[in-house]
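Reviewing the structure listed below.
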Amino acid sequence: MVVGGVTAVAIGLAVYGAHTYTAWIGALHGITWGAETMNASLPAIGSRLPIATSPVLWVVAGAALSLWTVWRIRHRSIVGAWMPLLAVSLLASPLGWVYYGAWLLPGTRVTTWTRGVALGWCAPLLVVASMSNISGFLWATVGSCYGLTLLALWLRACVHEYPGVSVRCHPGLGLATAGARAPLA
């Protein structure tokens with residue numbers, strides 16, 4: 001991943017030059033929609049706090065969570081690693097839009113989303129959006145509903161491995177049914 005990232009930056013610098021690249025970085029600093037309630041990332045949670053925090057803090061926090069997640073799930077199957085890896089990628093990125101949460105669904109069971117902390121992710125968007133604009137306190141709490149829930153989902157997925165769902169076909173019927181997770185070959 002590091003080699004890929006460095007290569008992408010090097011190609012951008014070689015093709016467009018340092019001036020254009022720094023202008024692009026400058027334009028990124030002008031983004032104003034990072035604190036929107038539909039942004040569930042760590043930088044968005046930080047931007048809604050009642051105190052000013054450095055964006056570097058959230059970059060370091062996202063990198064730390066990412067490294068800890070990779071270390072924690074290093075022995076899991078692909079199905080078992082899916083949810084924690086996707087959750088941490090949404091948390092660490094500057095734009096973890098709430099509708100990207102659909103990417104968390106593959107390999108999970110319905111019961112994972114219908115109980116406990118996952119119900120916070122299913123909170124009605126209009127209620128969250130309208131309530132969060134009433135006061136600064138609600139902006140930092142209700143406005144961060146999706147981000148805080150994503151953080152809790154990530155933690156639960158890292159601490160507990162839930163078996164994924166696999167699909168098996170019945171040989172003569174051509175019907176697919178959900179069953180227990182089969183080991184990946």
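Where a number appears in this text, it was derived from the coordinates with a stated rule and is not lab data. Because the structure is predicted, anything quoted here is derived from the model rather than measured. So basically every Cβ, Gly included, is an ideal-geometry build from the backbone, and we count neighbours across all protein chains shown.
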Extension gain, Ile11 back to Ser77 (0.36 nm per residue minus Cα-Cα distance, nm): 20.4 nm
Note, ³J(HN,Hα) from phi for segment 56-62, Karplus 6.51, -1.76, 1.60, rounded to Hz, x at Gly and Pro: 4, 4, 6, 5, 5, 4, x
Amide proton proximity set for Trp97, modelled H, under 5 Å, gap of 5+: Ala40
Calculated from backbone phi, Karplus (6.51, -1.76, 1.60) coupling profile of segment 71-85 in Hz, x at Gly/Pro: 5, 5, 9, 4, 9, 7, 6, 4, 5, x, 8, 4, 5, x, 5
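If you wrap a convex hull around the Cα atoms of segment 1-70, how much volume per residue is inside, in Å³? List each step's numbers first, then the result.
Numbers: hull volume 8.2 nm³, N = 70.
Here the figure is 117 Å³ per residue.
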Mean Cβ neighbour count within 10 Å, used as a protection proxy, ranking 77-86, 18-27, 34-43, 135-144 highest first: 34-43, 77-86, 135-144, 18-27
